[in-house]
Structures are given as C-alpha cells and as structure tokens.
Amino acid sequence: MPGSVRTRWVVGAAGVAVVVGAVVTAFAVWPDGASAQDPEIQISRSACGQGWTDPKPGPQTFRLHNTGAVTSEVDLIDPVSGVIYGEVEGLGTGTTRPMSVTLGNGPYAFRCLPEDSAAIVGPTTTVHGGTDRGPGVAPVTQNDLLGPLKVYEAKVTQGLDQLATDVGALTDAVHGGDRAGSEKAWLTAHLTYERLGAAYDAFGDSDRAINGTTAGLPGGTADSGFTGFHRLEYGLWHNEDLRSLGGVADRLATDVRNLRTAFPQSQVDPNDLGLRAHEIVENALQFELTGNTDYGSGTNLATARANLDGVQTVLDVLRPVLAPRYPALSQVDSWMTRTEATLDAVRRPDGSWPPVTTLSRAQREKINAAVSELTERLAPIAAIAEPRRVS
Amino acid sequence: MTVQEPAESSRRTFLRRTVVGAGLTAVAGAGVGTVAASAAGPDPDTVPFHGPHQAAIVRRSPAQCVVASFDVTAANKAELTDLFRQITDRARFLTRGGAPPALGITAPPADSGVLGPVVPPGGLGVVLGVGSSLFDDRFGLAAKKPKKLKPMTMFPNDSLDDAQCHGDLSLTLSAESTDTVLHALRDITRATRGGMQLRWKINGFSSPPRPSGTPRNLMGFKDGIANPVESEYDRLVWLGKGNGADDGEPAWTEGGSYQVVRLIRMLVEFWDRVSLTEQENIFGRRRDTGAPLDGANEQDVPHYADDPIGTVIPLTSHIRKANPRKPETDSSRILRRSANYDRGVDSNGNVDMGLIFTCYQQDLERQFEAVQKRLVDEPLVDYISPFGGGYFLALPGVTGSDDHYGRAMLT
C-alpha cells in the first residue's frame, strides 16, 4: 500500500524532525545543495578522503574535489561493514561535485576508486551524538552477480527453446490454413516470448524483428519493416489471406532461430539484471495496459500477465543478492502476488482475456494501481543491484 | 437587447464600498457590505498546513493551479487510512518545503528535482476533498457520509462527460508557479500509486489584474469580484458552526466545506463575434471596468430596486440571476475560487479553454444549486458548455503533526 519506500526509510533512518531541521539551514546556506561552508574532501590516490575535519550527524553535503590525475568514483562507506551511504561516479580530474548524505552514529570513510587503479580507503571518521544513519546498502559486485546471471541465462535459454517449439507450431498452423489454430498458436508463442522479459532492447535487434511495432515505421502496418509477432497478429485478426502470412510466419521463425543461436554466445550485461526488474513492468504499463500494442488480438492483459512471470524470474535469480540488501523485498513479493491476482480477476472463465479497452474504469484503475505500485517497489532494485567496484 | 440608461451617480455613492461579483456565478450579499477576503494574504511563501480548516480554501487563487480527481484503489479501510496518511505527509512536506532525503545507492532519487535540490514551498496550497462515492460499501463509511454530499447534479444546459466528472477524492494544488503545482502532483501521486489513481485533472491559471482589480476570465470579464468576508465564513462556508445544531451533519465534518468544481468550456470564438453591448447585457457588467451596468466601478452595487423591469441591467443578466440581492437569497452566497484553463484544440479547430469554476459552501442545495437553478437558461448558456467537475467535501484541516486528513472520518 501507499507506504512508500522512501518515506519509510527516511523515518527509520534520520527521523522527520532531523530532516526538517536541516532543511531550514539548507535554505539559508545551501540554495544550490552545496556551498563553500560544506567540507571539501580531497579525492586522489595520495590524499583520498582528506579534508573532513568537523564530523557531525544529520543531513549534510560534502564537496568532493578530484585533486588527482584521473577520473575517480567516490563512495562514502562504513569501513567496517562496507555499506555505502553515498556515491559519486565519474568525478573528473579538477572538478568538484556535491555528495548529500544523512549521517548517524558510527565510523565513516571515503573510498576513492580511480580509473584503472586500485581503490584507496581514506581515514576513518567517527560521528557521535546523532541518531540512525541514512539509508545505505552493501555494494553488489560483478562477482556477486555471476551466479544469478548464470541461472538467468539458463532460464532464458530454456525459454528460447520453448519459443522455437511454439513458433514452429504457429508456422505449421499458418501454412496449414487454420486461422483459429493460428490465432491460438500465436498467443501461446507470443506469451512465451513475453515471459522472457525482453524489455528495452534486452535482445537488441532481434527484439525489434520478433516483437516490434509500427512505431517509427512511416508505412505503418504496410511498412516492409513491420515484422514478427505483431505483424502476424495484424494479419491474423484482420482476415488477411493465410497464404500471404506464411512468409511472415517463416520470417518470425528465422528470427527466433537466430536469436536462439546467438543468445548463448552473447552475455547478459550484469547491469541489465537489476534494471529489468522494473523495466519489464514499465513496458507493461506503457504498451500493454494502454492497449497501444494491440494489433487485433486484444491480448494485452495476457501479455502483461506474462510480463509478471518475467519479473518473477528476475526476482528469483536476484533474491540471494537482494535479500540482505532490500528491506522492502517482502513488500515487492506481496505486490507481485497482489498484481497477479488483480490481473487474474478479470480473466474470463474459459481462460481467455478481455481486451483491456473493454474493462470497466474501476477494473482498469485497480490494475493500473497495482502495476504502478509494484513498479515503484521494483525501481530501487536497479539502484541496489547495479554492480559496483569495491577494490 | 436592453437599452442602456446612464446611471445617476448620486444613487451609487452610498454603497460605494460594497463589493459585488461578476462572472459565471456571481453572488454577493443583498445589501450586505462584502470585501474580497484573503486570510492567508495574496502572495505568501508558505500556506500554513496545520489548522482547523484547509487554509488554501480561503486565500485568493494564486497564479497557477491543478485540480485533480482520484478514484481510491485501496482495498480496505486500513489501506484507505494509510492513503490519507501518505497524502498528509507529502502535503505537509511540500507546503513547508525542504531538502528531500538523500537515499544514496538504495533507490532512485526521492524527489523529481523539478524544483531544484531543495524544495521551496512556493506558496503551495493543498485542498483535499472527498466525493460521495467514497461512502459506498467499499470502506464501511456509509454511516459517516456527509449528509448533503451527493454526485454532481446534471443541470439542463450541461453536457457532462463522465470521464471528467466525479471521483472519490479531489485534490486542488495551487501556487505561484506551474512547476510548483506539477511537482506537488507528481510527488503525491508517486507516494500513493497503489492507493489511488487519477480519474481526471486539469491545469488552471489566474490572470493578473488587467489593468487593475479583479482578474479577468477568458471571456474578458472580471470574474470573482464578490466573496463572503471572513466574519461570514461560519454561516456560509464552514460546516459545524453558526448553522444551528440541527444541520444533521456528522461531527467529523466540522471545519470542512462543501466544494463544487465545474469544468466549463467557453466558446470563445463564438463569444468574440458577439457585440460588446450584447456581451455586457449578458453579464450585466461593463467589460472594461467590471462595473455593474448601472455603476461606474467594479465594486459598485447594482440597484435592482430602481430598475424593476431591467432596462439598465437586464433581468436575464448573469449577475442579476445569480444574485438577485434579496434578503431571501443572502444565505445562498458562496465562496468562489475559480481559475481559467487552456488545454488544446477541439475537432473543429477551435481552442478548448474556459473556467475551472470552484466554490465552497456550507450547503450544496441551499447555496450552489440554488444559484445554478436561477441561472438555468440565462443567455450566457449559449456561449459556455459545462462538461465536468464534481461535488466534494473539502475535509476539515489537519490540526497538527499527529493528525492526518480524514482521521475523524475514519475513526
């Protein structure tokens, strides 16, 4: 429910009164978020973290000044636990950037991560007299993601095998001149694809060929660049001659085969895994729950439901990484369950799905609310699961 | 068309200080001196959030606003309570301003950044209302329904679009700049996605005085000259006081006020083809000064008793129908807080602009509806088209940091 992640963490971490108190000061002194009064911290190999002379609790801003010769990343960490409380990436040599954090009791240190050389952890500074620390999380490293990536790739590979089978059945039905059978096989195959969670170019050009829409195609549905599932959908549900659709189906089968061949040779970007958690649902909100990608089948809700399965796969493989780092993970799980149930509630008794535009306003609002809340809860996963250097 | 007669200056001086209204629903006291009131001042940086009433109701409309309606998607009363708490927390922060929390690497930024790294209050005012649909069987609140709350009535000249009408909640955000209200809307909706969904929304603005006095609407007429003064609020605006013990309203509504929002398209292309004399006869006021047709200044009071058959101010004119200025119509006066809107093009290539009529009152039927019924079939109806809006109860104010919107309603 509406208890948003951020609000909860703020209250848990710093206390509303502390935040508000600092705000008043910030107005007077730091109209741009940082000022000359803020401590300037040196970032370089030789002087990492120097310049913090007056440790104090509460919300505050450091001015990070890269005095070294190369671009650097900077973290503010607890040197004992490794938890990161603040991060600035790509701090160019000679430049100064603010880092805003809320400090509580305990030890802190700046970690400088110069490009192409090992990390340096600066002197430890201990803060006293405050309350709880602002929100922090232990970094996720490339190593941490190796296991999840391997499992994820295996699952996608499995899904691509299923997809090849399903598209084969679809191609057969189209060539066999069976429209009803083709439509049924189309949905089965399309949902298998959507379950893979191919949001935002996860499969690059293949996704465009397999699942592209008419967006960006001057000729619209008649454009020669319009291929794949949605082209076939358009033809099947607009009574196009099945013989003329055989080529479309064959082309889809070829594109799927190519993806299946190429996928094991490619690597899923470790960055993508965390991003995909919310991006799959962003896609569902933008393209399915609006009905924007309906080319005749009226199956956007089935797609959205398949997308949730795709999200579940991502959550399952990332769980070991997220469980110790994301306090609200259980709420992600409960919103997943709730969202699935909200979608399932509009499914017809025979298992088919009504077109999203035929739902009542109340039904659409319920679905939009659940998917939107879920998306908000998934968004922090991208920040938390981004692979980071620590050494 | 009514023939204009020069008004005698001698007969308008004795009520010179009385303020009267023009505009789509002009109402002012019959013979009672009224002055446009502005409890919070015209241009404050901060609108006090805590108090017995929602403070933004009584201040003059600032330059920008957004009026939005939501349907509640919370599953039960506990979630509804959570929703009201969230709205309260966000509104409290946004009206006060401050630095959003730094979330480090644990989440996307807490704030959209639209107002810069530190959120300025920007004169933001928040008014939250509840519609009659909130009191259906979803949350067990039927027994708590404000007695006079109901779905917005469809009047004879309306062409209402259900998609732009009604709603479980209304949220009116007003401030001096557009970015402030849009930032607030995004902040509040982000914190409440699971609990409520936007049903309709419209952005509005209040024009600067041209050249002075009351701001003009998009028909070129000064709109909203007259309003009850603060000393009259207890008998005209607020629930629970000054209206006797038998108003039948549940106790929790004390300090609230019935809110009417009417989205009214103005057919401005048509209007601009109408002669000035006819325009002025339709309103009953001069377009240049805002004065009633028997007066010289916008604050002059029309003297209907001296003009019984409407030779100066037509009997069918807007101001005369809206407020006949008789003792028996005094209790129908309302507190108006309207804004202009402008939002695009219709299928005929005409611009879609008009008025977000908003008013507050103690009793929907005694006040807004009584006025509206007097206005049925007024000549102005040919040039306007009400298409949306709703009836709401603007909740009592949030009294302190331990209180939240709707607390008394939910307990």
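Brief remarks on what is shown
- Filtered by the rule that a residue be in a loop (DSSP other than H, G, I, E, B) and touching a strand residue (DSSP E or B) at 6+ places or on another chain (Cβ under 7 Å), region B:119-136 gives B:Gly122, B:Gly123, B:Leu124, B:Gly131.
- Among the residues listed as B:Thr153, B:Thr172, the single one being surrounded by fewer than 19 Cβ atoms within 10 Å (Cβ to Cβ), among the hydroxyl-bearing types (Ser, Thr, Tyr) and either at positive phi or under 18 Å from the mean Cα position of the chain (by Cα) (or both): B:Thr153
- Boolean, B:Phe139 is in a strand (DSSP E or B) and either more than 8 Å from every other protein chain (Cβ to nearest Cβ) or in contact with a Phe, Trp or Tyr (Cβ under 6 Å, 6 or more places away or on another chain) (or both): no
Quick grid of which residues meet (1) without any contact (Cβ under 8 Å) to a residue 60 or more places away in the chain; (2) outside any strand (DSSP E or B); (3) of a type in the set (Phe, Trp, Tyr):
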residue	(1), (2), (3)
B:Asp352	no, no, no
B:Tyr360	no, no, yes
B:Asp377	no, yes, no
B:Val381	no, yes, no
B:Tyr405	no, yes, yes
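- Test for A:Gly235: is it under 29 Å from A:Glu153 (Cα atoms) and crowded, with 20+ Cβ neighbours inside 10 Å: no
- Of everything listed in (1) within 23 Å of B:Ala107 (Cβ to Cβ); (2) of a type outside the set (Ser, Thr, Tyr); (3) more than 14 Å from chain B (Cβ to nearest Cβ), the single unmet condition for A:Leu322 is (3).
- Number of the exception - A:Ser391 against (1) part of a helix (DSSP H, G or I); (2) surrounded by fewer than 21 Cβ atoms within 10 Å (Cβ to Cβ): (1)
- Look at (1) over 21 Å from the mean Cα position of the chain (by Cα); (2) within 12 Å of another protein chain (Cβ to nearest Cβ); (3) modelled with pLDDT of 95 or more and you find that B:Ala163 fails only one, number (1).
- Selection of region B:183-217 for residues being of a type outside the set (D, E, K, R), touching a residue at least 40 places away in the same chain (Cβ under 8 Å) and either touching a His at 6+ places or on another chain (Cβ under 7 Å) or within 14 Å of chain A (Cβ to nearest Cβ) (or both) yields B:Ile188, B:Ala191, B:Thr192, B:Gly194, B:Gly195, B:Met196, B:Gln197, B:Leu198, B:Trp200.
- Residues located in region A:299-320, provided they are farther than 21 Å from A:Ala369 by Cα and surrounded by fewer than 22 Cβ atoms within 10 Å (Cβ to Cβ): A:Thr313, A:Asp316, A:Val317, A:Arg319, A:Pro320
- Residue pairs whose Cβ atoms lie under 6 Å apart, sitting 6 or more positions apart in sequence or on different chains, and linking a residue in region A:207-224 that is within 22 Å of A:Leu163 (Cβ to Cβ) to a partner that is in a loop (DSSP other than H, G, I, E, B), are A:Asp207/A:Ala198; A:Ala209/A:Thr227; A:Thr213/A:Thr293.
- Any hit, region B:180-188, residues being out of contact with any helix residue (DSSP H, G or I) (no Cβ under 9 Å at 6 or more places or on another chain), part of a loop (DSSP other than H, G, I, E, B) and surrounded by fewer than 21 Cβ atoms within 10 Å (Cβ to Cβ): no
Residues are listed down the side, and each one gets a yes or a no for (1) modelled with pLDDT of 95 or more; (2) part of a strand (DSSP E or B); (3) not charged (D, E, K, R):
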residue	(1), (2), (3)
B:Val260	yes, yes, yes
B:Arg273	yes, no, no
B:Glu278	yes, no, no
B:Gly290	yes, no, yes
B:Thr311	yes, no, yes
B:Pro314	yes, no, yes
B:Tyr341	yes, yes, yes
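- The condition (being at pLDDT 95 or above, more than 30 Å from A:Leu232 (Cα to Cα) and more than 14 Å from chain B (Cβ to nearest Cβ)) is satisfied by just one residue among A:Ala138, A:Ala169, A:Ala109, A:Ala164: A:Ala109.
- Residue among A:Gly106, A:Gly94, A:Gly90 that is at positive phi and under 22 Å from the mean Cα position of the chain (by Cα): A:Gly90
- Qualifying residue in region B:95-113 (condition: more than 9 Å from chain A (Cβ to nearest Cβ) and of a type in the set (A, V, I, L, M, F, W, C)): no
- A count restricted to region A:325-381 and to residues that are under 30 Å from A:Glu183 (Cβ atoms), β-branched (Val, Ile, Thr), more than 10 Å from every other protein chain (Cβ to nearest Cβ) and part of a helix (DSSP H, G or I) stands at 3.
- Residues that are touching a helix residue (DSSP H, G or I) at 6+ places or on another chain (Cβ under 9 Å), modelled with pLDDT of 90 or more and within 14 Å of another protein chain (Cβ to nearest Cβ) are absent from region A:18-32.
- Single unsatisfied condition, A:Gly122 versus (1) free of Cβ contacts under 8 Å to residues at least 24 places away in the same chain; (2) in contact with a Phe, Trp or Tyr (Cβ under 6 Å, 6 or more places away or on another chain): (1)
- For the residues B:Val261, B:Val371, the requirement of being buried (at least 24 other Cβ atoms within 10 Å of the Cβ), within 15 Å of the chain's Cα centre (by Cα) and β-branched (Val, Ile, Thr) singles out B:Val261.
- Of all residues in region B:73-93 being buried (at least 22 other Cβ atoms within 10 Å of the Cβ) and of a type in the set (Gly, Ala, Ser), the one that is nearest to the other protein chains (Cβ to nearest Cβ): B:Ala74
- Scanning region A:202-228 for residues that are hydrophobic (A, V, I, L, M, F, W, C), part of a loop (DSSP other than H, G, I, E, B) and under 15 Å from A:Gly247 (Cα atoms) yields a count of 1.
- Condition broken by B:Pro324, with the remaining ones in (1) surrounded by fewer than 24 Cβ atoms within 10 Å (Cβ to Cβ); (2) at pLDDT 95 or above; (3) part of a loop (DSSP other than H, G, I, E, B); (4) not aromatic (Phe, Trp, Tyr) satisfied: (2)
- The lone exception for A:Val88 - which of (1) in contact (Cβ under 8 Å) with a residue 40 or more places away in the chain; (2) within 14 Å of chain B (Cβ to nearest Cβ); (3) under 20 Å from A:Thr141 (Cβ atoms) it fails: (1)
- Residue within region A:292-313 that is farther than 19 Å from A:Thr192 by Cα and not in a helix (DSSP H, G or I) present: yes
- Restricting attention to region A:256-279, the residues that are within 30 Å of A:Pro354 (Cβ to Cβ) and either modelled with pLDDT of 95 or more or not in a helix (DSSP H, G or I) (or both) add up to 1.
- The condition (being in contact with a Gly (Cβ under 9 Å, 6 or more places away or on another chain) and surrounded by 24 or more Cβ atoms within 10 Å (Cβ to Cβ)) is satisfied by just one residue among B:Arg333, B:Arg287: B:Arg333.
- Selection status of B:Ala55, within 14 Å of chain A (Cβ to nearest Cβ), over 30 Å from B:Asn281 (Cβ atoms) and at pLDDT 95 or above: no
The values are calculated or read from the model by the stated rules, or taken from the named source; none is laboratory data. Please read all numbers here as calculations on a predicted model, not as lab measurements. Quick reminder, even Gly has a Cβ in these numbers, built from the backbone with ideal geometry, and neighbours come from all protein chains shown.
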